[in-house]
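So the structure is just underneath, and the comments pick up after that.
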């Protein structure tokens, strides 16, 4: 896929009077790519596919659990408090 800058270069070289073969040689693209770019009005846009999530099947269940527990931050804070004391070594061995 060509970038917008490459598309502009191809169109500029064409306006300057270069042939498709010369433009292909100068830009390093194939003649068919140059030809396709010159026929189109706008540079091609990248299209993403609409994909679902792996968790879509569990969306309703997660939403129910969330609403039953309230805010996840409150429940997480009270469920497992973080230890405030460091039990590891204080100096490298």
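Multiplying the residue separation of residue 21 and residue 1 by 0.36 nm and subtracting their alpha-carbon distance yields 5.3 nm. Each peptide among 60-66, 5-11, 25-31, 47-53 gets the average number of other Cβ atoms lying within 10 Å of its residues, and from highest to lowest they stand as 5-11, 25-31, 60-66, 47-53.
Computed from the coordinates by the stated procedures, all read-outs in this text should not be read as laboratory data. In this text, all values refer to a predicted model and were calculated from it rather than measured experimentally. With ideal geometry, Cβ positions are generated from the backbone for all residues, glycine too; neighbour counts draw on all protein chains shown.
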